[in-house]
Structure formats: C-alpha cells, structure tokens
1. Counting Lys and Arg as +1 and Asp and Glu as -1, each charge on the Cβ, what is the dipole of the chain about the Cα centre in debye, to the nearest 20?
2. Taking 30 Å as the cut-off for C-alpha to C-alpha distance, list the pairs among K44/K219; K31/K113; K113/K209; K20/K44 that go past it.
3. Express the relative contact order of segment 99-233 as a whole percentage, based on alpha carbon pairs under 8 Å and six or more residues apart in sequence.
4. Taking the chain as a Gaussian network, Cα atoms linked when under 10 Å apart, which of F131, F202, F147 shows the biggest mean-square fluctuation?
5. Using helices alone, I'd like the mean residue ellipticity at 222 nm for the chain: each DSSP H run of four-plus residues gives -39500 (n - 2.57), total over residue count, nearest 500.
6. Which listed residue (I71, N130, V221) has the Cα farthest towards the positive end of the charge dipole for segment 8-229, taking +1 on Lys and Arg C-beta and -1 on Asp and Glu C-beta about the Cα centre?
7. In percent, what relative contact order does the chain have, based on Cα pairs under 8 Å that are 6 or more apart in sequence?
8. Scan (1) 55, 34, 24; (2) 57, 44, 34; (3) 59, 37, 34 for the value of Cα extents along the principal axes in Å calculated from this model and give just the label.
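Derivation of every value follows stated rules applied to the coordinates shown; laboratory data play no part. Keep in mind that this is a model prediction, so the values were computed, not measured. Reconstructed Cβ throughout: ideal geometry from the backbone, glycine too, with neighbour counts over all protein chains shown.
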Amino acid sequence: MRDTLNNLSIYENLIQKENKDISHYKEVIEKAIQLNGPDSKGVKNGYIIINTSYQRIINTMYSAGYAIEAIRIVFKDLLANYSNIWNREFGYIELVKVVSLAVLLNIDADEIKPLEDRLVSEKFDDCLINFLIKAIDPSWCYNSKSFEYPVYECLLEIIDDANASYRINEYLVDKWYKLHKECAWYDSHKNNKNLYTGYWSFEAGAVAKILGIDDSSLKDVKYYPYDLVHFEG
C-alpha cells in the first residue's frame, strides 16, 4: 500500500461502494434523460455525483497500491465525465487535480481536448492550468501569468526555481495540507466512518514531472505521488 492510514480491506470496500454508486447513478441518468432530456437538472446532478465517485476511486486505488495502468483506465472515465460537465461553478482545486492527473498518467492531447474546449468556452485563463495543459498539448491557446484563484501561488516559485526539488519538499511538508483546510476531505483520516481515501499532492507531482527534476529525495515525503511521477505507460 502507498498510504497506510487505512487498511487494504477498508480501501477495497470504499472502491466497491463507489463503483456501485456509479452504476446506480448511470441508470438514474438514463431514466432522467428519457423523462426530462439531457440538459435537465437531475442529469447534471447525476454526473456530478459520478464525478465525485470516480475521484474517490482513483484516490483510493492509488493509496491501496493498485497498478498505475488500472488507475489510468478509471481516470479516462473520470476525464470524459468531467469534461462533459465542467464549468466555472466547479472548484478550482478539483480542476487542478484532474489536469495534474492527466499529466501524471500521460493522457494524450486529443483526450484532454473536450476539457480544453470547456475552458475556452468560459475563457478560463489560469497560469497553473496553462502550465499543466501545455505539457500535454503544446498548442494550448492561453498563456496568462496570473491565477484565476490564488490557491497555488507558491507553486510559481517552484516552477522558476533552480532548486525545485528542495522547494517542492518545503511545499509538501509545510504548506500543502494547510492549503486544503477548507476541502471536504480535510482531516478525513480522523473520521470514524472510514471515509478516508488518501492525501496526495498530484499537482506537486505533475510540476516535478514536467520540470524533470531529480526527485529521489522526495520519494518518501508525505503526500508526494512518487510512483505516478515515474509512470511511463
């Protein structure tokens, strides 16, 4: 396992539950489309629930030690669903997570194009998102040097720093967890309902991968997704 704050049995039960939820809500969506059309509120809500389940499955699979290839398959389903529903009402942190995973899992430019189209349609021009997408699709059209939301401003210092490995370590140890204090999953390892899926800084891993830094010193640093950074499939 990559994260031992839960045991393997609990992780596997979580994955099973989320897969059941996805199957259930896919059926609900089909019925809602037949009754009220594809743009109805019920359909959109169903896709949002499925999106959350996919993200929890990916987190849990990685924490439980699943093969990256298997996680990549699930991520493609997440990306297709997410690209179908994304708009500015979705959280910025979630967007950074999805695009960071696309970098880490070596998603092709044509696979992220539907999400790019969504971002363009809403003129979403953010320097971190631009940095991440350009690593996948060099033709990406936006190049703003400012943030739509200033959550990850400190990452710009890492991107431009010759000593990036040290700065990522500092970010992970001193800043990352605190930055996410308002997230629903914060402190979930303390919850007695076994809802914890793992804490991972996918954006730090994506930045390290794009920069090609020597991250050997980060291998055992908390929150750093070392295996994903080195995935070449």
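1. Working: 26 positive and 35 negative charges, 154 e Å.
The dipole of the chain has a size of about 740 debye.
2. Cα-Cα > 30 Å for K44/K219; rest within.
3. Result for segment 99-233 is 30 percent.
4. Taking springs between Cα atoms under 10 Å, the residue moving most is F147.
5. -18500 deg cm²/dmol
6. Of the candidates, I71 comes out farthest on the positive side.
7. 21
8. Working out Cα extents along the principal axes in Å from the coordinates points to (2).
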